[in-house]
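The numbers here are math on the coordinates, done by the rules we state, and not lab data. Just so it is clear, the structure is predicted and the values come from calculations on it, not from any experiment.
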Amino acid sequence: MRVFVASPLHSYTGGRGEVEGAGATLAEVLADLDRRYPGIRFRIIDEQDRIRHHMRLFVGEEPASTLAQPIRPGQDVHILQALSGGAASAGGQVLNYDIS
């Protein structure tokens, strides 16, 4: 299957934004990616085996909230990283953005 990887993780995939993955569940796909690209899983999954709060995973077009999420043949996986923080000045006002 195709796995689309957020740009902050491209250092693990040799600069590639699209890689191949294998597995019947999200957990299996992430384990497969970690075999191919050591260390990438830890950037996505925490020590309690949960999706990190700043990461968003999609199977097909549906958001995944658990590693047990099944993946059907032909579905793509998208690994996204939420952005937050920062400030911009707008006429003397400080604007904060948080999309998490």
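Between Gln75 and Ser11, residue separation times 0.36 nm minus the direct Cα-Cα distance comes to 20.6 nm. The convex hull around the C-alpha trace of region 1-51, projected and averaged over every direction, spans 3.2 square nanometres.
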